[in-house]
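Below is one structure, written out as structure tokens; comments come after it.
The values are calculated or read from the model by the stated rules, or taken from the named source; none is laboratory data. Treat the numbers as computed from the prediction; the structure is a model and nothing was measured. Quick reminder, even Gly has a Cβ in these numbers, built from the backbone with ideal geometry, and neighbours come from all protein chains shown.
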Amino acid sequence: MITRERLMYRVILENLQLLPILPRFNLKPGFGELSVDEVCQAHEVNTDFFLEIANAYLDELYIPGEGLSLFSLDTMVNYITSTHTYYTDIALPTVEEKIHRLMEGSKLSEKEIHLVTNFFNDYKKDFMAHITQEEEHILPYVLELERQSGLEKPDPGFIQKLQSYSISEFEKEHDRLEISLKHLSELIIKYLPPFDDLHLCHEVLNELAGLMKDLVDHADVEDKVLIPRVAELEVSLLNSANSV
């Protein structure tokens with residue numbers, strides 16, 4: 001369990017799997033002798049929120065909820081948006097570049113190469129569509145819901161929208177994108193002939209496995225924390241409007 005008093009460099013050195021979450025908080029290695037709390041304060045990061053995310057990321061049995069539910073939806077939306085940026089700017093390009101190098105140096109047939117590259121391109125297209133849906137529609141709705149809930153007299157137009165829409169609609173569409181990555185790994189491991197560059201092949205599989213785990217953790221934050229919180233606010237706001 002990571003605590004606020006621990007030195008940040010020791011936390012990262014002993015848990016290198018935390019490296020992918022650092023960019024989401026705009027944190028960069030070079031922490032010196034600063035504690036987790038001191039690093040977070042220096043970068044205007046909520047220390048408690050960072051600890052909740054980091055400890056959940058390290059413990060596969062951890063079910064986010066009680067701790068993360070203490071934070072505003074605005075804090076959670078900012079983290080989700082930063083995570084999307086990490087996926088689009090770092091994680092996906094890294095996997096894509098290694099897949100292309102693996103294909104270029106392989107002895108696969110043209111059909112087999114197209115099978116892998118087309119599979120990944122289709123996945124990337126679906127992934128970007130999912131992120132666009134969240135950032136253009138879902139997350140702005142969440143922030144507006146939180147804002148309206150804090151008003152003495154919520155906007156009647158927004159209340160009317162609540163009567164015909166619920167975050168549960170998003171939950172139905174929130175498919176697990178990691179399943180497609182698992183299928184890609186299965187394609188490489190089971191169906192394709194062996195690659196000469198075994199090291200690069202292992203790198204690709206490790207990148208896919210890391211991204212799959214990250215997507216599971218990200219989906220857990222949304223499905224088990226964000227969506228229930230939003231649904232609770234929806235009901236509360238509707239009840240308040242109906243009682244007037």
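Which condition does residue 96 not pass, out of (1) modelled with pLDDT under 95; (2) within 19 Å of residue 213 (Cα to Cα); (3) of a type in the set (Asp, Glu), if it passes all the others? Result: residue 96 passes all but (1). If the condition is being closer than 18 Å to residue 189 by Cα and among the hydrophobic types (A, V, I, L, M, F, W, C), then the range 99-129 contributes 99, 102, 103, 108, 113, 115, 116, 119, 120.
Here residue 129 fulfils each of the conditions (1) surrounded by 15 or more Cβ atoms within 10 Å (Cβ to Cβ); (2) among the small types (Gly, Ala, Ser); (3) not in a loop (DSSP other than H, G, I, E, B) apart from (1). Among the residues of the range 229-244, those identified as within 18 Å of residue 140 (Cα to Cα) and touching a residue at least 12 places away in the same chain (Cβ under 8 Å) are 229, 230, 231, 233, 234, 237.
Pairs are defined by a Cβ separation below 7 Å, a sequence spacing of at least 6 or placement on different chains, a first member in the range 1-22 that is free of Cβ contacts under 8 Å to residues at least 12 places away in the same chain and closer than 21 Å to residue 67 by Cβ, and a second member that is assigned to a loop (DSSP other than H, G, I, E, B) and not small (Gly, Ala, Ser); the pairs so defined are 22/28.
Which residue out of 38, 33 is outside the structural domain of residue 221 (by TED's automatic domain parsing), out of contact with any helix residue (DSSP H, G or I) (no Cβ under 7 Å at 6 or more places or on another chain) and either loosely packed, with under 12 Cβ neighbours inside 10 Å or not in a helix (DSSP H, G or I) (or both)? Steps first, please.
On the way: 38 fails: either loosely packed, with under 12 Cβ neighbours inside 10 Å or not in a helix (DSSP H, G or I) (or both).
On inspection, the qualifying residue turns out to be 33.
Which residue, of 193, 228, is farther than 19 Å from residue 96 by Cβ, surrounded by fewer than 17 Cβ atoms within 10 Å (Cβ to Cβ) and modelled with pLDDT of 90 or more? Walk me through it before giving the result.
Working: 228 fails: modelled with pLDDT of 90 or more.
Selected residue: 193, the only one of 193, 228 that is farther than 19 Å from residue 96 by Cβ, surrounded by fewer than 17 Cβ atoms within 10 Å (Cβ to Cβ) and modelled with pLDDT of 90 or more.
Scanning the range 119-140 for residues that are within 17 Å of residue 82 (Cβ to Cβ) and free of Cβ contacts under 8 Å to residues at least 12 places away in the same chain returns 132, 136, 140.
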